[in-house]
1. If we count every other residue with Cβ under 12 angstrom of Gly214's Cβ, Lys/Arg +1 and Asp/Glu -1, where does the sum land?
2. Compute the Cα gyration tensor for the range 258-349, then decide on rounded, prolate or oblate, letting a ≥ b ≥ c be the square roots of its eigenvalues: rounded whenever a/c is under 1.5, prolate when a/b is larger than b/c in the other cases, and oblate in all that remain.
3. So which of Lys331/Lys385; Lys315/Lys337; Lys239/Lys337; Lys18/Lys137; Lys230/Lys315 end up more than 19 Å apart, counting from Cα to Cα?
4. Of Pro160, Pro94, Ala46, which is farthest on the positive side of the dipole of the range 2-185, counting Cα position, with +1 on Lys and Arg Cβ, -1 on Asp and Glu Cβ, and the Cα centre as origin?
5. Can you compute the modelled spin-label distance between Ser76 and Gln93, with each label point 7 Å from Cα toward Cβ, in nm?
6. Looking at Trp288, Ser298, His369, which one has the Cα that reaches farthest to the positive end of the dipole of the range 270-413 (charges on Cβ: Lys, Arg +1; Asp, Glu -1)?
7. Between the range 125-149 and the range 267-332, what is the C-alpha centre distance in whole Å?
8. Assign one of three labels to the range 2-185, namely rounded, prolate or oblate, based on the Cα gyration tensor with a ≥ b ≥ c the square roots of its eigenvalues; rounded applies when a/c is under 1.5, prolate when it is not and a/b is larger than b/c, and oblate otherwise.
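No lab work stands behind these numbers, since they all come straight from the coordinates. Quick caveat: nothing in here was measured; it's all calculated off a predicted structure. Note that each Cβ is placed from the backbone with ideal geometry, even for glycine, and that neighbours are counted across all protein chains shown.
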Amino acid sequence: MKVHRAVRYRLHPGSARKNQQLHGTAGACRFVWNHMVGKLRDEYEAWGICNFSYMSTKNVPTPGLGRTFTILRRHSYKWLQGYSAYIVKSSLQPIERTYKAFFKDLETGRKLNRKPPQLHGRWTTTPSFPINYESAKVSGESLYVQKVGWMKLAGSNPYPDGEFKSGTVKYECGNWYAYLVYEVDTQVSLPHSIKEVGIDRNIAEGRLAVLSDGTKHGGPDLKRKVAKRKRYERSMARKREVWWKNQKNFCGPKPQGRPRYQPSNRYLRTQIRHQRACAAERFARKNWGHHVSKAIASEYDVAYVEKLNIRGMTKSAKGTKEKPGRHVKSKSGLNRKVLASAWGTLELCLNYKMEVRHVDPAYTSQTCHQCGHVDKDSRKQTDFKCTACGHADDADVNAALNILAFGNGAAGRGGGDTGGKSCHSRPGKRQEMGLPDRREPVKLST
Ligand SMILES: [Zn+2]
């Protein structure tokens, strides 16, 4: 089976000219992007329609984005000729995709959660540009980018036989990085005896992932890293304010709307330190995910996890101006905890080490694993004591056992990967009332 795998390398430009050329290419992409997005906005405002497609078509009078770029490059902005046309052109492709999704939402009248493409601010966008096998080459430990030249890659490649397909070059934390995507062949071997495990994910300290065999995996210790990041955040807030106050001799037209400012050099310096602190936190979490998932995958073949809509769960409780939400502060604190507990990271890391199946999360923590009785009073914080049969266990281990049982069908819930869909049957409830299972047709005696 062919799969795509991304590898992150540090990219050493090797000379000031190449470094400048990388910044220039990213800048050209941003410039052309803003030009196109602005043009499409104007067209849409004037005519209520805009030609956002990359290719020109016969039935639309305005040329496509690719053709418009060529005209720009040849006549209006000749400085663009110093950068790879292929790279800058291909960086426009998300415009078409985003607009298509946006208009589809408009047509179908679904809840609008998509925006049309946004303008990229000079100080708020990470300089980056896309590459692929036509605009770049990979040979050994070097990367060739059109109009920039050969540069050295630092980092290890776990897929030496992989075929380079595409990637992104990004300026992060004050350094250049290359994210290369390889097409890799994977051998899928089915194990003879399948060992299954249920995993309950949590936000409590020391038990971020609890297995059905009773193993508890605590999270990474990020206290110092978080403190460092927050210190830089405070520092940045101060610096931005200081700069704004110094604008006494500001002349020219008063800026409209949000104040537009150019950050000071001290602000930019702290910003890079802040980005490094963020990256350290991110890497620590990822490292934890890989360690824990490796420990799980070395013992088991199939993992059952709850299908959690993390984005939906961590939505802000703020509400609207007319209808303000309740408990906004405590919800935002919970959201932060959920996001910090790296659920998504763990699932991602598990996903390519073993088979991950999803289970409907309803009642996993309220069901008794022994008798199947569902009662929310059974659970008291971290302890579980069944109100029906008196079975006592750790609440998270009980939940993990339930996830495993719901997943492999031992609890009579249909079993297997439900894809997160509700199974419409509370386990144990019908059996308790002496009713036949809903799935088996009741035979009438004639
Ligand atoms: Zn019980």
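1. Values: positive: Arg207, Lys216; negative: Asp200, Asp213, Asp393, Asp394, Asp396.
So the surrounding residues net to -3.
2. oblate
3. Working: Lys331/Lys385 28 Å; Lys315/Lys337 13 Å; Lys239/Lys337 28 Å; Lys18/Lys137 16 Å; Lys230/Lys315 22 Å.
Beyond 19 Å between Cα atoms: Lys331/Lys385; Lys239/Lys337; Lys230/Lys315.
4. About the Cα centre, the residue reaching furthest to the positive side is Ala46.
5. Those two pseudo-labels are separated by 2.4 nm.
6. Of Trp288, Ser298, His369, it is Trp288.
7. Going from one Cα centre to the other spans 31 Å.
8. On the way: a/c = 2.08, a/b = 1.57, b/c = 1.33.
Prolate.
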